[in-house]
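Only one structure is covered here, and it is reproduced in the block below.
The values are calculated or read from the model by the stated rules, or taken from the named source; none is laboratory data. Because the structure is a prediction, the values reported are computed rather than measured. Note that we place each Cβ from the backbone using ideal geometry, even for glycine, and neighbour counts take in every protein chain shown. Ligands, DNA and RNA are excluded from the accessible area calculation, which covers all protein heavy atoms including side chains. Shrake-Rupley method; radii C 1.70, N 1.55, O 1.52, S 1.80 Å.
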Amino acid sequence: MKAKLSVLTLFFAVLSFSAAAQEKTKKQLKEERELNKKNEIKALLDAKNFVFEAQKVTPQGGRLIQLDYSTYFLNFNTDNTTCDLPFFGRGFNVGYNSDGGIKFEGKPTNIKVENKKNNTVLKATVRGRTDTYDLTFTVFYNGSATLNVNSNNRAAISYDGVLNAPKSEEVKDKN
């Protein structure tokens, strides 16, 4: 009887260890998710087709402002870049009829990509209807990004947010 009990115990121990060896640990699953996200971000940057959604803004004065809604974006594409971001700061030569935000549409030029160990820096210049904007994206591989906007008519401003793939309707409209 004791022999049968010890054999059964040994049998169940071997089964439980083999089942545990087949399951991935939380650490392995987390590393796998991070690697997938990194590859997704790299693919978006290589295609130079992505949407930056602003969550926080830091004007040149230095106070951080949380944005309530995720309606502020910059849709970057090599053919056409569209921007609708809020502006807090000093305007040097802004018209009376302007709505106050940074809104433009144009084709980016001077696109430069610099890959670093933990992030990628993408620089571009976009000429809008009334101003020229120098955009500097610092994109981290977890999907977060920082956008610095310099223009001729306004003070520099920085946005923190996330990088996403463009929605399917936007991709269909471009083709």
Open item on the list: Which condition from (1) at pLDDT 90 or above; (2) surrounded by 14 or more Cβ atoms within 10 Å (Cβ to Cβ); (3) at positive phi is the one that N110 breaks?
Closed with: (2)
TODO: Mind listing whichever residues of the range 151-161 are in a strand (DSSP E or B) and open to solvent by 40 Å² or more (accessible area, probe 1.4 Å)?
DONE: D160
Open item on the list: Taking the condition of being touching a Leu at 6+ places or on another chain (Cβ under 6 Å) and outside any loop (DSSP other than H, G, I, E, B), how many residues in the range 110-148 meet it?
Closed with: 6
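Give me the residue from the range 135-150 that is among the aromatic types (F, W, Y) and closer than 15 Å to K117 by Cα and, out of that set, surrounded by the fewest Cβ atoms within 10 Å (Cβ to Cβ).
So, considering only residues that are among the aromatic types (F, W, Y) and closer than 15 Å to K117 by Cα, the one surrounded by the fewest Cβ atoms within 10 Å (Cβ to Cβ) is F140.
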Open item on the list: I'm trying to understand the selection: among the residues of the range 122-135, which are within 19 Å of G101 (Cβ to Cβ) and under 13 Å from the mean Cα position of the chain (by Cα)?
Closed with: none
Open item on the list: Suppose we filter the range 34-90 for residues that are over 28 Å from N115 (Cα atoms), in contact (Cβ under 8 Å) with a residue 40 or more places away in the chain and open to solvent by 40 Å² or more (accessible area, probe 1.4 Å); how many remain?
Closed with: 3
Open item on the list: Take the conditions over 20 Å from K167 (Cα atoms) and in contact with a Lys or Arg (Cβ under 9 Å, 6 or more places away or on another chain) and apply them to D68. Does it pass?
Closed with: no
